[in-house]
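The values are calculated or read from the model by the stated rules, or taken from the named source; none is laboratory data. Just so we're clear, the structure is a prediction, and the values are computed from it rather than from any experiment. We place every Cβ from the backbone using ideal geometry, glycine too, and count neighbours over all the protein chains shown.
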Amino acid sequence: QVLLVESGGGLVQAGGSLRLSCAASTRTFSRDVAGWFRQAPGKEREFVSQISWSGIPYYADSVKGRFTISRDNTKNTVYLQMNSLKPEDTAVYYCATATRWGHPPTPNEYNYWGQGTQVTVSS
C-alpha cells in the first residue's frame, strides 16, 4: 500500500515562511513525478507545483518566485518551501505522485495522495 504523509503546515503571518514535507512509502518514488496541490474552502483543488524524478520543477503562476519545490530520492521525500506567504495561500496542501508529467498538470494524472496539511496565513 502506498502511503504519502505530509507535515509542516501551520499558522503563519503574511510575509512569513513554511516548509512542507511529504514522505512517500512507494518503491517507485525515485522515478515518479511528485506534486503539490491545494484546496481552499469552497474551491476546487488547484495545482501548485510539481517536480520530475530528475529534479526539474514547474510552478503555478500564483506561486512562482515565492515557492520552491525540491526532492530527496534517498529519503523518498518531496518538499515545498513557501516564502512571502499571502492570506490567499490559505488552504489544505496535498502532496501526490504520478507516473507521467502532465502539461498542464491536473489532479487526474496523480495516482496517490496524502491526507493533506492545513496552511493558514493571517493578514
- Item | Count of the stretch 54-78 residues which are surrounded by fewer than 20 Cβ atoms within 10 Å (Cβ to Cβ) and either more than 26 Å from Arg31 (Cα to Cα) or of a type outside the set (S, T, N, Q) (or both) | 13
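Tell me, please, whether a residue that is of a type in the set (A, V, I, L, M, F, W, C) and more than 13 Å from the chain's Cα centre (by Cα) can be found in the stretch 63-85. First the steps, then the outcome.
Filtering the stretch 63-85 for residues of a type in the set (A, V, I, L, M, F, W, C) gives 63, 67, 69, 78, 80, 82, 85.
Next, only the ones that are more than 13 Å from the chain's Cα centre (by Cα) stay: 85.
Yes - at least one qualifying residue is present in the stretch 63-85.
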- Total residues in the stretch 11-27, condition exposed (fewer than 13 other Cβ atoms within 10 Å of the Cβ) and part of a strand (DSSP E or B): 2
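Residues checked against (1) of a type outside the set (Lys, Arg); (2) in contact with a strand residue (DSSP E or B) (Cβ under 9 Å, 6 or more places away or on another chain); (3) within 24 Å of Gln1 (Cβ to Cβ):
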residue: Phe47; (1), (2), (3): yes, yes, no
residue: Ser54; (1), (2), (3): yes, no, no
residue: Ala60; (1), (2), (3): yes, yes, no
residue: Cys95; (1), (2), (3): yes, yes, yes
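When you scan the stretch 40-57, do you find a residue that is within 11 Å of the chain's Cα centre (by Cα) and more than 16 Å from Thr97 (Cα to Cα), even just one? Spell out the reasoning first.
Here is the first cut: in the stretch 40-57, the residues within 11 Å of the chain's Cα centre (by Cα) are 46-51.
Of the ones still in play, those that are also more than 16 Å from Thr97 (Cα to Cα) are none.
Scanning the stretch 40-57, I find no residue that is within 11 Å of the chain's Cα centre (by Cα) and more than 16 Å from Thr97 (Cα to Cα), so the answer is no.
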- Of the residues in the stretch 74-85, how many are closer than 24 Å to Val2 by Cα and in contact with a Gly (Cβ under 9 Å, 6 or more places away or on another chain)? 3
- Condition check for Ser30: within 19 Å of Trp101 (Cβ to Cβ), outside any loop (DSSP other than H, G, I, E, B) and modelled with pLDDT under 95: yes
